[in-house]
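Written below as structure tokens is the structure these notes are about.
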Amino acid sequence: MIKINTIPDSQSQWFNISFKSIGYKRKLFKLPNHDFYFLFFKEFKKKFKSIDQLPKKWIQEKHETAILLSKNIQKGNILSYQSGLSFIENDLNKLINKKIFIHEFTDMSKVFFSNPNLIFLKKESLKNYNFNNVILCQMLYDKNYFEIKKIITELKDIMFNSSYLYIIHSDLRDNKFNILVQILKFIIKHFFNPYEFFWGYRRSLNYYSRLLHNEGFISKRVIKLDHQSLMIFKKN
């Protein structure tokens with residue numbers, strides 16, 4: 001399990017694939033866009049051909065997250081928005097025996113799985129559905145306030161009344177002084193390595209609670225674990 005003090009504030013690689021190697025140089029305080037993820041997953045698919053090649057600890061963390069969701073998910077259909085590689089969704093499907101709708105900019109669920117119960121939806125298809133449960137798992141970290149607000153607004157339009165939103169987030173629960181120190185460290189790092197990306201791990205649970213409250217959601221439950229938190233909101 002990931003310990004809070006081991007979660008990095010900035011990174012220059014994932015899965016030993018350096019951001020420099022994919023040729024994506026960032027601008028100071030500008031978070032990566034779809035081009036970055038497209039280039040990264042292109043290299044990812046070249047490097048990893050089977051589940052056995054992936055880090056076992058990483059797979060275990062995804063399984064633990066699926067178990068957490070399975071114990072808290074409400075009745076009705078489920079959308080996992082920006083589902084990444086869909087490891088959590090694949091496990092969740094097996095745990096609750098229910099189809100999972102998934103949305104990502106490209107369907108990565110077929111890379112490792114052949115699961116007909118994972119139903120990929122393109123962005124333009126989402127408006128044809130309404131959902132009882134929407135999962136946002138570790139996908140808000142690279143978005144600014146306005147991007148997050150836009151996502152929440154779009155999701156509200158495809159959620160039933162009294163439906164549930166689940167946010168899984170790595171919250172370091174730091175004070176403002178430590179946040180300032182980390183930002184200053186990142187600025188220094190940036191000038192030595194423009195491929196060092198600063199993520200949004202430092203956003204607190206209160207940050208999301210205020211944002212969701214302003215959008216008309218009610219906080220129902222917060223489950224704090226050692227490496228991440230699950231926040232459950234209900235749409236008014």
Tell me, yes or no, whether the stretch 156-164 has at least one residue that is acidic (Asp, Glu) and at pLDDT 90 or above.
-> yes
Please work out which residue is surrounded by the fewest Cβ atoms within 10 Å (Cβ to Cβ), limiting yourself to the stretch 50-105 and to residues that are without any contact (Cβ under 8 Å) to a residue 24 or more places away in the chain, outside any helix (DSSP H, G or I) and of a type in the set (D, E, K, R).
-> Lys71
Restricting the stretch 24-47 to residues that are modelled with pLDDT under 85 and in contact with a helix residue (DSSP H, G or I) (Cβ under 7 Å, 6 or more places away or on another chain), the residue that is nearest to Lys224 (Cα to Cα) = Leu28
Six or more apart or on different chains, Cβ under 8 Å: which pairs go from a residue in the stretch 108-132 that's among the small types (Gly, Ala, Ser) to one that's modelled with pLDDT of 90 or more? Could you list them?
-> Ser109/Ser86; Ser109/Glu89; Ser109/Asn90; Ser109/Ile102; Ser109/Asn115; Ser109/Leu118; Ser109/Phe120
Going by the structure shown, is Ile51 of a type in the set (A, V, I, L, M) and more than 16 Å from Met139 (Cβ to Cβ)?
-> yes
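The values are calculated or read from the model by the stated rules, or taken from the named source; none is laboratory data. Predicted, not measured: the structure shown is a model, and the values here were computed from it. Cβ: placed from backbone, ideal geometry, glycine included. Neighbour counts: every protein chain shown.
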